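The values are calculated or read from the model by the stated rules, or taken from the named source; none is laboratory data. Since we're looking at a predicted model, the values are computed, not measured. Because the Cβ atoms are built from the backbone with ideal geometry, glycine has one as well, and the counts that use them run over all protein chains shown.
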Amino acid sequence: MTTRITQLSQLDLNGIYSYADYLTWRCDQAVELIKGKIMLMCPAPSLAHQRLSRKLLHPIDSYLMGKTCEVFHAPFDVRFPDRLCADQEVFTVVQPDLCVICDPRKLDSRGCLGAPDWIIEILSRENSKRDIKTKYALYQEHGVLEYWIVYPYEKTIHQFVLGDDKKYQLINMYSCDDQAVPSIFPDLAIDLTQVFQQVGDADNE
């Protein structure tokens, strides 16, 4: 009989697991898989993180109303297979803070299978290295067209866009009084004064 996994302590954090394994886990703590390795997520997002996520979600969702593209927020599984394959052959599943998917064929009852068009990650003290380095490389490798990294403490956003060479290019570094414009939606302007409002030092992790 297969052991029911209800605590992370039952898993080998140095082991390699597939999405099929991930689906069987019933742990309270959220995790991601990156190339089969377990990556622990923060137990609960901070107040600043939740405010930023909501304030970014609202203008994007309003803009996409009636369009094919959809925006989703965590928890929402995004699986990155090397090819279309069975669950036991998928070794990367992440939960971006926000992601936009324009190809409805990538959506299923479990989330997204394949690369979103646009991903936004909001940094915390625990996940900054992962989002800046590990996920940056992962999203670039799998062809996510646009990647935004939000720095709550500095109240800035770094905007990366995939170039013709399939490498990310830093095209903008927005501050809190700018209008942030996604490359894939040039007629959408997000007022960062509104986004970063109420995000002060006391709210940060």
> Of 130, 125, which residue is closer than 20 Å to residue 80 by Cβ, outside any strand (DSSP E or B) and touching a residue at least 12 places away in the same chain (Cβ under 8 Å)?
Replying inline: 130
>> Can you pull out every residue in segment 16-54 that is farther than 24 Å from residue 120 by Cα and of a type in the set (Val, Ile, Thr)?
In response: 16, 24
> Residues in segment 52-74: is at least one loosely packed, with under 11 Cβ neighbours inside 10 Å, at pLDDT below 90 and among the charged types (D, E, K, R)?
Replying inline: no
>> I'm trying to understand the selection: among the residues of segment 24-56, which are in contact (Cβ under 8 Å) with a residue 12 or more places away in the chain and of a type in the set (S, T, N, Q)?
In response: 24, 29, 46, 53
> What pairs can you find where one residue is in segment 150-162 and hydroxyl-bearing (Ser, Thr, Tyr), the other is part of a strand (DSSP E or B) and modelled with pLDDT of 95 or more, and their Cβ atoms are less than 7 Å apart, with a gap of 6+ or different chains?
Replying inline: 156/173; 156/174
> Out of segment 156-177, which residues are in a strand (DSSP E or B) and over 13 Å from residue 141 (Cα atoms)?
Replying inline: 156, 157, 158, 159, 160, 169, 170, 171, 172, 173, 174
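Tally time: how many residues in segment 1-38 are surrounded by 17 or more Cβ atoms within 10 Å (Cβ to Cβ) and part of a strand (DSSP E or B)?
Going through segment 1-38 one residue at a time, the tally reaches 5.
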>> Which condition from (1) aliphatic (A, V, I, L, M); (2) within 18 Å of residue 174 (Cα to Cα); (3) modelled with pLDDT of 95 or more is the one that residue 132 breaks?
In response: (3)
